[in-house]
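Before any comments, here is the structure.
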Amino acid sequence: MARFALNAGTIQTVDVETQLEATKAAGFSGFGLWYNHIANESGEVRKAIYKKMLRSGLVVVEVDFLRDWASINSAGKADLVSRTRTLAEAARSVDSDLICAATLGEAASVKSTVNNFSLICRTAAEYNVRVGLEFLPWSHVPTLESAQEIIQLTAEKNAGIIIDTFHFFFGGSKLSTLSKMSPSEIFLVHISDMIKRPLPELQSNEIIALTRTSRVFPGDGWFPLGDLIETLEKIGYEGFYSLEVLNSSHALADPFSLAKQGFSAMERLFMAVKANLGSGGQIV
């Protein structure tokens with residue numbers, strides 16, 4: 001049965017306690033934590049927040065996210081290990097086993113990316129934590145296919161891919177590639193939709209602005225989300241689908257209402273997928 005989570009980015013302007021309450025009230029069973037929402041709190045405050053997460057009954061599906069890691073040289077490796085440990089420790093504190101490493105916009109070689117991602121994975125493995133590589137269309141790892149290459153070259157057992165539908169469709173990733181993957185390669189799926197279609201002349205900064213401010217709920221845009229989910233279900237993906245709708249208008253909206261709208265949109269999307277799949281897929 002498909003499991004839904006709410007990523008904190010969807011209601012990021014309120015405190016984590018309110019994020020948890022809104023997520024739970026809306027019907028989600030999982031929550032995606034943005035560590036930067038608690039990074040400046042004291043250790044005691046963070047512990048109190050972790051306890052609330054554990055008591056909430058929600059599964060913390062990921063702790064987001066490592067950035068600025070792909071291009072670092074030997075002088076920056078100690079800091080990278082330290083940042084990885086911080087996220088991995090946070091994950092273990094809330095019974096999560098997944099942290100996210102996003103490629104963002106660094107100018108990095110494949111060799112540097114592989115070496116540094118391998119270091120992240122080996123460090124996280126000390127905590128029994130997996131590392132999801134999130135590819136981004138404006139970065140040097142823009143597609144599912146390029147992310148697969150990094151994972152294969154890294155060859156770490158706790159390495160996998162986080163698929164974000166914005167990045168998947170804006171970057172030109174192929175459903176045919178996804179259809180040939182093992183579900184064990186995919187650690188998490190972020191769901192959002194987009195009203196505006198990509199244009200060939202869009203610059204990287206314009207795509208970044210769109211992804212951070214203009215996503216919409218499933219069904220309100222043009223992404224063929226049903227096709228992607230059907231493909232995931234057919235290959236046997238059993239992980240969470242996490243709603244991550246970054247939209248600047250959410251700052252003025254009630255987080256409880258937003259979370260409920262988001263959950264309803266996810267239900268409608270998956271009901272349609274279920275109808276299309278019939279008995280050929282695994283949504284029940």
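The values are calculated or read from the model by the stated rules, or taken from the named source; none is laboratory data. Remember, predicted model here, so these are calculated numbers, not experimental data. All Cβ positions, even for glycine, are placed from backbone atoms using ideal geometry, and neighbour counts span all protein chains on display. Heavy atoms of the whole protein, side chains included, go into the accessibility calculation; ligands, DNA and RNA do not. Shrake-Rupley method; radii C 1.70, N 1.55, O 1.52, S 1.80 Å.
For segment 252-265, 3J(HN,Hα) computed residue by residue from phi via the Karplus equation (6.51, -1.76, 1.60; θ = phi - 60°) reads 9, 9, 6, x, 5, 5, 4, 4, 5, 4, x, 5, 4, 5 Hz, glycine and proline entered as x. Scanning residues 5 or more positions from Ser242 or on other chains, those with amide H under 5 Å from its amide H are Ala5, Val189, His190, Ile191, with H placed 1.01 Å from N in the peptide plane. Accessible surface ranking for Ser204, Ser192, 1.4 angstrom probe, highest first: Ser204, Ser192. Straight-line reach from Lys234: taking Cα to Cα under 15 Å and skipping same-chain neighbours fewer than 8 places apart, the aspartates and glutamates in range are Glu185. Identify which of Glu230, Glu267, Glu244 has the largest mean-square fluctuation in a Gaussian network model of the chain, with springs joining Cα atoms closer than 10 Å. Ranking Glu230, Glu267, Glu244 by mean-square fluctuation puts Glu267 first.
Computed over the chain, relative contact order equals 21 percent, with contacts defined as Cα pairs under 8 Å that lie 6+ residues apart.
Electrostatic bookkeeping for Val81 treats Lys and Arg as +1 and Asp and Glu as -1; over the other residues with beta carbon under 13 Å from its beta carbon, the sum is +1. Dipole magnitude for segment 148-284: about 140 debye, using +1 per Lys or Arg Cβ and -1 per Asp or Glu Cβ, origin at the Cα centre.
Computed over segment 139-274, the alpha-carbon pair-distance distribution with 5 angstrom bins reads 2, 9, 19, 22, 20, 15, 10, 3, 0, each value a whole percent.
Expressed to the nearest 5 percent, the antiparallel share of DSSP beta bridges inside the chain is 10 percent. Entry note, the chain: the mean residue ellipticity at 222 nm calculated from DSSP H runs of n ≥ 4, each adding -39500 (n - 2.57), is -13500 deg cm²/dmol after division by the residues and rounding to the nearest 500.
Distance from the C-alpha centroid of segment 32-68 to that of segment 258-277: 27 Å, rounded to the whole angstrom. The share of Cα pairs per 10 Å bin across segment 212-253, counted from zero up to the longest distance, runs 24, 44, 25, 8 percent. Under 5 Å from the amide H of Val60 lie the amide H atoms of Phe31, each residue being 5 or more positions distant or on a separate chain, with H modelled from the backbone and absent for Pro and chain starts.
For every other residue with a beta carbon closer than 13 angstrom to the beta carbon of Arg215, add +1 if it is Lys or Arg and -1 if Asp or Glu, then tell me the sum.
Net charge around Arg215: -2.
Modelled label positions at Lys174 and Glu201, each set 7 Å beyond Cα in the direction of Cβ, lie 2.9 nm from each other.
Defining a contact as two alpha carbons under 8 Å apart and six or more residues distant in sequence, what relative contact order in percent does segment 16-120 show? Please report the intermediate quantities before stating the final value.
Working: 131 pairs, mean separation 31.7, N = 105.
That works out to 30 percent.
What the Cβ-Cβ distance of Ala253 and Asn40 gives, at R0 = 25 Å and to the nearest 0.05, is a FRET efficiency of 0.55.
For segment 1-57, the mean projected area of the C-alpha convex hull, equal to one quarter of the hull surface, is 3.9 nm². Give the relative contact order (percent, whole number) for segment 160-231; include only Cα pairs under 8 Å separated by 6+ residues. 39 percent. Rounded to whole numbers, the Karplus 3J(HN,Hα) couplings from phi for segment 172-179 are x, 5, 10, 5, 5, 5, 4, 5 Hz, using 6.51 cos²θ - 1.76 cosθ + 1.60 with θ = phi - 60°, and x at Gly and Pro. Residue-wise HN-Hα couplings along segment 56-73, as the Karplus relation 6.51 cos²θ - 1.76 cosθ + 1.60 with θ = phi - 60° gives them from phi, are 6, x, 8, 7, 7, 7, 6, 10, 9, 8, 7, 9, 6, 10, 5, 9, 5, 9 Hz; Gly and Pro carry x. Where (i) 26; (ii) 40; (iii) 12 are the candidate values, the label of the one calculated here for percent of Cα pairs over 35 Å apart is (iii). Pairwise Cα separations in segment 1-140 fall into 5 Å bins from 0 onward with the following percentages, short to long: 2, 10, 19, 21, 19, 14, 9, 5, 1, 0.
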